[in-house]
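Q: Okay, handing you the structure first.
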Amino acid sequence: MLPFVLEKPQSTEDAIAAAASGARYIAGGTTLVDLMREEVERPERLVDINKLPLGGIRVEGEDLVIGALARMAMVAADPNVQRLQPLIAESLIEGASPQLRNMASMGGNLLQRVRCPYFRMLDAGCNKRTPGSGCAAIEGLNAGHAILGTSDHCIATHPSDVAVALVALDATMRVRGPKGERSFPVEELFRLPGDTPHLEHTLLPGELIMEIRVPGGSYGSRARYLKVRDRASYEFALVSAAVALSIEGGVIRQARLAVGGVGTRPWRLRNCETALVGKRPQRQAFEDAAQLSTQGARPLHHNQFKVELLPRTIVRALEMAGEVA
């Protein structure tokens with residue numbers, strides 16, 4: 001690991017000022033420290049934000065508000081999260097190991113770097129790590145890579161599980177930076193790779209995630225997260241689906257659906273949601289909607305199987321949500 005300077009600001013304003021002048025935020029460090037050890041990341045200054053008052057979880061009206069520094073394990077175990085938004089709790093438990101969930105913060109989880117092996121191989125082409133160096137994954141081993149939202153410059157998937165749930169639930173985030181505060185949907189945090197895959201999110205220089213707000217909805221309690229992966233734990237998704245349904249009178253009134261493991265960012269499937277509304281929660285309706293999920297897919301040699309696995313995963317997740325009492 002290369003030498004760096006660690007700063008410990010006493011206030012949010014001091015932290016933002018340090019980041020605006022070129023330092024990097026660090027909280028749990030579960031991704032950044034690994035990448036620094038491998039010299040994929042080489043920050044000269046880090047700003048430790050763990051002492052900032054951004055770790056709480058509260059309920060405001062029907063909304064659930066989660067501080068950016070709340071740890072994944074804390075959020076998953078919180079009674080209000082489990083009661084109001086069980087989809088978030090389930091997606092967190094499906095991510096990482098217990099040790100990592102104890103360390104990793106919610107804000108850091110959303111900003112974690114990709115798990116594409118070529119990103120970590122310093123002798124391989126990777127436009128995300130070194131712009132203009134190429135994408136070794138396109139002609140390489142790409143079974144775990146994206147089929148949606150890809151470009152000729154990058155096909156890496158976004159690795160977060162809880163981000164998929166937050167996108168499905170229309171969550172928003174509040175950030176603060178040198179120019180003040182702003183709020184926007186979590187979905188808008190993530191950029192498509194296009195021809196600039198090294199730009200992964202929409203935060204401005206120095207901006208710090210303060211909190212995540214999840215709106216209440218009649219679909220909140222009838223929700224499930226299904227993750228398909230190579231092994232039962234501590235593995236990233238081949239395909240995942242976050243599903244929430246509002247069912248009244250035996251008919252689907254509202255649907256929320258996002259998927260992971262297949263997109264270069266958490267992928268909302270609004271066309272599938274629209275197809276479900278007004279239908280009875282039955283397998284044929286689920287299959288009809290799920291078939292729309294692969295529109296625009298661009299599979300490669302090793303990840304062609306995801307074109308078939310994605311709709312199957314969605315159907316099963318919808319069945320699981322429909323079974324929630």
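Each reported figure results from applying straightforward, stated rules to the coordinates on display, with no laboratory input. Predicted model only: the values in this text are computed from it and were never measured. Note that we place each Cβ from the backbone using ideal geometry, even for glycine, and neighbour counts take in every protein chain shown.
Q: Picking from HIS198, HIS301, HIS158, which is most flexible by a Gaussian network model of the chain using Cα springs under 10 Å?
A: Of HIS198, HIS301, HIS158, the Gaussian network model singles out HIS301 as fluctuating most.
Q: All other residues with a Cβ under 14 Å from the Cβ of GLY144 taken together, and with Lys, Arg as +1 and Asp, Glu as -1, what is their net charge? If you can, show how the numbers build up before the last one.
A: Working: positive: ARG115, ARG120, LYS227, ARG229, ARG231, LYS306; negative: ASP230, GLU235.
Residues close to GLY144 contribute a combined charge of +4.
Q: Using only DSSP helix segments of four residues or longer, with each worth -39500 (n - 2.57), what per-residue ellipticity at 222 nm results for the chain after dividing by its residue count and rounding to 500?
A: Result for the chain: -7500 deg cm²/dmol, rounded to the nearest 500.
Q: I'd like to compare 181-187, 103-109, 303-309, 62-68: which one has the highest average count of other Cβ atoms within 10 Å, and what's the full order after that?
A: Numbers: 181-187: 14.4, 103-109: 24.9, 303-309: 17.4, 62-68: 20.6.
In decreasing order of mean packing, 181-187, 103-109, 303-309, 62-68 become 103-109, 62-68, 303-309, 181-187.
Q: Rank PRO131, PRO299, PRO159 by mean-square fluctuation in a GNM of the chain with C-alpha springs under 10 angstrom and give only the top-ranked residue.
A: In this elastic network of the chain, the residue with the biggest mean-square fluctuation among PRO131, PRO299, PRO159 is PRO131.
Q: Cut-off 20 Å, label point 7 angstrom out along Cα-to-Cβ of ARG283: give me the residues of the range 293-325 whose amide nitrogen falls inside.
A: Answer for the range 293-325: 293, 308-325.
Q: I'd like to verify something in the chain: which complete DSSP H helices, judged by Cα projection on the helix axis, reach 20 Å or more and average at least -1.0 on the Kyte-Doolittle scale? Could the numbers behind the result be given before it?
A: On the way: long enough: 305-322 (26 Å, 0.56).
Helices meeting the span and hydropathy rule in the chain are 305-322.
Q: Is the shape of the chain best called rounded, prolate or oblate, per the rule: a/c under 1.5 gives rounded, else a/b larger than b/c gives prolate, else oblate, with a ≥ b ≥ c the square roots of the Cα gyration tensor eigenvalues?
A: Details: a/c = 2.01, a/b = 1.25, b/c = 1.61.
It is oblate, given that a/c is not under 1.5 and a/b is not larger than b/c.
Q: I would also like to ask the following. Can you give the Rg/Rh ratio of the range 162-255, where Rg is from the C-alpha atoms and Rh is the Kirkwood radius? Write down the numbers at each step before the final one.
A: Values: Rg = 16.5 Å, Rh = 15.6 Å.
Expressed as Rg/Rh, it is 1.06.
Q: I want the local charge near LEU203. Using Cβ-Cβ distances under 13 Å, sum +1 for each Lys or Arg and -1 for each Asp or Glu among the other residues. List each step's numbers first, then the result.
A: On the way: positive: ARG24, ARG174, ARG176, LYS179, ARG182, ARG191; negative: GLU181, GLU188, GLU200, GLU207.
Here the charged neighbours net out to +2.
Q: Right, something else. Treating cross-link reach as a plain straight distance, find the aspartates and glutamates whose alpha-carbon is under 14 Å from the alpha-carbon of LYS279, omitting any fewer than eight places away in the same chain.
A: Hits, sequence-local ones excluded: GLU248, GLU287, ASP288, GLU319.
Q: Next question. Of the beta bridges DSSP finds with both residues in the range 1-147, what % are antiparallel, to the nearest 5? The partial results should precede the final answer.
A: Details: 6 of 12 bridges.
Percent antiparallel among DSSP bridges in the range 1-147 is about 50.
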